[in-house]
Ligand code: ADP
């Protein structure tokens with residue numbers, strides 16, 4: 001419905017009013033004047049109702065007068081030219097009729113219902129008012145299903161995908177995630193074919209919670225469910241519940257479930273459920289009605305309260321399962337928690353396969369190689385790389401996307417935009433080259449450090465240079481591995497000290513990373529002898545204000561951290577001093593070529609003694625350490641280093 005139609009309607013009504021509004025002539029005259037007009041043969045017609053008489057002049061007179069001509073309607077004019085009130089006297093009436101006869105004009109007696117005419121006018125005005133009112137209401141109500149405004153505020157904002165008209169995503173588009181897919185497919189199967197399960201006495205599951213780091217395909221999986229399940233699918237985000245008005249959230253939850261139940265069997269998908277599902281009772285604002293809490297309570301009741309709903313399955317996604325309320329996670333609400341992890345090598349290959357399909361790639365592309373080049377990348381990163389590669393190829397006016405474009409895209413995604421014209425003095429450039437060469441040398445010569453892929457001193461994004469490692473896909477990390485990685489990270493600063501006998505601010509991100517790692521070793525992983533087998537890690541974030549250890553322990557932790565870092569630094573220095581000539585050679589090569597690869601290192605140092613070591617068996621889920629080491633000099637943008645290197649169960 002276009003608002004212009006409403007405006008047009010109002011305009012038409014006004015016009016109609018003008019046309020039919022012949023309720024009164026323009027000028028009032030007195031009877032004597034009328035007599036004058038009649039006598040001079042100017043009157044064409046008179047229409048009287050006993051009290052009032054309308055006088056119409058002859059056209060000739062009108063033309064000369066020309067002033068009573070209606071600007072719009074011209075000769076169509078039905079309006080009288082003059083009117084007068086008939087004096088209450090019989091003789092005057094008689095005189096009027098006599099004049100009419102004498103001067104050849106007509107007198108019509110029209111008992112015009114003035115009242116009726118007024119009613120007509122009023123009706124039109126009323127009509128216009130109603131139209132305006134409707135327009136205003138529509139405006140306020142906002143368009144669309146459930147519209148977010150005044151009158152629909154308590155309605156749920158869920159988007160509904162009807163049966164068979166879902167998204168065009170299928171399970172085939174979701175690569176890897178075998179376990180998660182199986183669980184979800186089973187839920188779809190349950191809705192399609194409930195008998196198979198109910199015959200054995202199984203109850204339909206209430207919900208499944210997809211948990212995992214961002215970009216791992218949780219939303220994608222839900223979209224696939226919408227595409228494949230032959231049932232209505234409601235999709236909304238956790239933040240859609242909350243509004244600036246109190247009580248809206250709960251009302252929306254009620255409305256959502258009402259709609260879902262009407263269409264049962266159906267699926268409701270709540271993305272980013274942590275927006276409402278956070279544990280209750282924290283950060284209580286004294287005296288205020290916590291809207292989020294009310295919303296959550298309503299959700300809990302709807303999911304598993306007295307009015308148990310049947311045939312509505314709830315899928316939810318979050319990357320912060322640790323902050324969710326326990327009541328939400330108990331069996332009977334989200335019966336299943338499906339952990340969607342970062343893709344491993346094979347899964348990355350599968351994801352590349354999915355995203356390479358629409359891209360015109362040339363024969364040099366080796367999916368295996370790409371998958372190995374992208375450890376620690378999520379599905380979203382990979383999708384991004386494929387798209388970037390195509391964009392880069394298009395920019396270079398190629399008709400195929402080549403391996404080179406993909407490598408550029410990986411650099412671009414990790415490091416940011418190349419900054420060829422960043423102003424760097426030769427002296428600075430030399431420092432950067434030695435710094436990066438230091439990382440490369442130390443990591444090359446240490447057994448447990450991740451093998452190097454390439455070193456670059458091309459400034460990119462916020463970084464001035466970078467050393468890229470290829471970490472093994474391991475699940476647990478040993479003390480030696482962490483220590484060697486710390487040595488490699490400190491190799492940059494150690495090289496600066498050895499060569500220039502000065503240190504610079506260029507090691508900020510190294511130091512940050514190393515410090516966090518050292519603290520994690522001591523206070524999180526229990527890898528320190530003096531502290532012993534203790535972990536002060538607080539996975540639920542319950543005691544954010546108090547430390548779970550004494551001042552004395554805090555002092556020991558600090559001492560141990562310093563000791564570890566100094567030990568690592570000295571080790572790095574020792575290695576570099578022993579290999580000073582090779583370090584110099586590497587730095588020179590780096591200055592000359594700007595980017596050097598593993599092969600260049602091999603030509604200087606010889607093959608690495610400990611290349612392919614079999615990864616440790618997976619026992620505990622500790623994600624591998626961040627894979628790219630980037631030096632940020634100009635800006636300190638703290639990453640969540642601790643989170644990366646510590647455990648997120
Ligand atoms: P999140 O887990 O944060 O909800 P999404 O599901 O929105 O992540 O994933 C973002 C994008 O990443 C998807 O649109 C898709 O292109 C890509 N992606 C992520 N995981 C996969 C996967 N397993 N297979 C294929 N594409 C994936």
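Here, each number is a calculation from the coordinates, and none is a lab measurement. This is a predicted model, so every value here is computed, not measured. Note: ideal-geometry Cβ built from the backbone for every residue, glycine included; neighbour counts use all protein chains shown.
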Subject >> Protection-proxy order for peptides 588-599, 454-465, 86-97, 291-302, each taking the mean of Cβ atoms within 10 Å per residue, highest first >> reply: 454-465, 291-302, 588-599, 86-97
Subject >> Ranked list, fewest to most other Cβ atoms within 10 Å of each Cβ, for 251, 550, 156 >> reply: 550, 251, 156
Subject >> Which of 240, 408, 353 has the fewest Cβ neighbours within 10 Å, and the rest in rising order >> reply: 353, 408, 240
Original post:
Can you list, bin by bin at 10 Å, the percent of alpha carbon pairs in the stretch 508-555, starting at 0?
Top reply: 24, 50, 26, 0
Original post:
Tell me, in nm to one decimal, what length is gained between residue 397 and residue 8 on full extension, where the rule is 0.36 nm per residue of separation less the Cα-Cα distance?
Top reply: 134.9 nm
Original post:
Alpha carbon centre of the stretch 560-608 versus the stretch 430-460: separation in Å?
Top reply: 6 Å
**OP:** Arrange the peptides 179-186, 501-508, 223-230, 202-209 so that the one whose residues have, on average, the most other Cβ atoms within 10 Å appears first.
**Re:** 223-230, 202-209, 179-186, 501-508
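Report relative contact order for the stretch 504-592 in percent, whole number only (criteria: Cα-Cα under 8 Å, sequence separation at least 6).
24 percent
Fewest Cβ neighbours within 10 Å first, please rank 567, 218, 420 accordingly.
Result, fewest neighbours first: 420, 567, 218.
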Subject >> Cβ-derived FRET efficiency at R0 45 Å, residue 162 paired with residue 110, nearest 0.05 >> reply: 0.15
